Amino acid sequence: MATLYMESGTDATFGFQFYGATTGTVTSDTVIVHTGPRSIKFDSGPTAPNGSVSIVRTLNAFTGDAGRISLYYNFSNFPDASLVNSRILRFLNATNNLSFSLVITPAGILQLRDAAGDQIGTNGSTLSTGIWYRICVAYVITTTTVNDIRVFLNGKQDISVTNVTVGQTAIVKAQIGWISEPGTNRIFNTDDIYTDDSS
């Protein structure tokens, strides 16, 4: 196993030098923090274009075969009732095509979704606002139909799917934020981000 990336939620630089593209209002926050003086805040705002707010991290040696990302989330609110596919973490290939996503529903329920936005597997736990949760996604993607994806919440397995249909193999990027689905006034913070090539 090789540790590929660790980032403390902008504690060291107060900025986003260790990420790729940013979209919308992504800031280094000093109010809601997990460890250290800062975390990363994603605020879709009242007029954000398409409500999409995100950062992208290239996962170095991830090749679509196996990977794991762990990070802490703290939700100030959940999506409006009409926003059933609010992606908070998604996995992309080198040309930014989607493999699969982690979603939070308006009721605060964690779900996995495929590239088309359809749910894969059963519902995960129901989260609450104002609480730090450690969420880890571990995957082995052999082909678009031979795979194993697991979501862990605070160290315990929460969702597990095997041999579902995903959009892409060769995952090399993780995108964090409120992604793709329009919607305003959605806020969450992340902190203590870690990735490795373990399955």
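The values are calculated or read from the model by the stated rules, or taken from the named source; none is laboratory data. Keep in mind the model is a prediction, meaning the values are calculated, not measured. Please note: Cβ atoms are built from the backbone with ideal geometry, for glycine as well, and neighbour counts cover all protein chains shown. SASA here: full protein model, heavy atoms, side chains in, ligands and nucleic acids out. Shrake-Rupley method; radii C 1.70, N 1.55, O 1.52, S 1.80 Å.
Taking the stated definitions as given, is SER160 under 30 Å from VAL31 (Cβ atoms) and hydroxyl-bearing (Ser, Thr, Tyr)? No: the conditions fail for SER160.
Cβ-Cβ contacts under 8 Å between residues 6 or more apart (or on different chains), taken from a first residue in region 155-172 that is under 14 Å from PHE91 (Cβ atoms) to a second residue that is open to solvent by 50 Å² or more (accessible area, probe 1.4 Å) and hydrophobic (A, V, I, L, M, F, W, C), are listed as GLY167/ALA116; ALA170/ALA94; VAL172/ALA94. Out of region 9-59, which residues are in contact with a strand residue (DSSP E or B) (Cβ under 8 Å, 6 or more places away or on another chain), among the small types (Gly, Ala, Ser), at pLDDT 85 or above and open to solvent by 40 Å² or more (accessible area, probe 1.4 Å)? Residue satisfying the conditions is GLY36 alone. Taken over region 160-186, the criterion of being open to solvent by 30 Å² or more (accessible area, probe 1.4 Å) and modelled with pLDDT under 85 is satisfied by SER180, GLU181, PRO182, THR184, ASN185. Look at ILE104 and say whether it is touching an Asp or Glu at 6+ places or on another chain (Cβ under 9 Å) and under 26 Å from THR58 (Cβ atoms). No: the conditions fail for ILE104. In this structure, THR126 does not satisfy being β-branched (Val, Ile, Thr), open to solvent by 50 Å² or more (accessible area, probe 1.4 Å) and more than 27 Å from ILE40 (Cα to Cα). Going by the conditions given, is ILE135 at pLDDT below 95 and under 17 Å from LEU112 (Cβ atoms)? Against the criterion (at pLDDT below 95 and under 17 Å from LEU112 (Cβ atoms)), ILE135 does not qualify.
Could you tell me whether ARG134 is of a type in the set (D, E, K, R), open to solvent by 40 Å² or more (accessible area, probe 1.4 Å), on the phi < 0 side of the Ramachandran plot and assigned to a strand (DSSP E or B)? Yes, satisfied. Picking from residues in region 66-82 that are part of a loop (DSSP other than H, G, I, E, B) and modelled with pLDDT of 85 or more, the one that is surrounded by the most Cβ atoms within 10 Å (Cβ to Cβ) is PHE78.
For region 90-112, the set of residues classified as over 16 Å from TYR72 (Cα atoms) and outside any strand (DSSP E or B) consists of ASN93, ALA94, THR95, ASN96, ASN97, THR105, PRO106, ALA107, listed by residue number.
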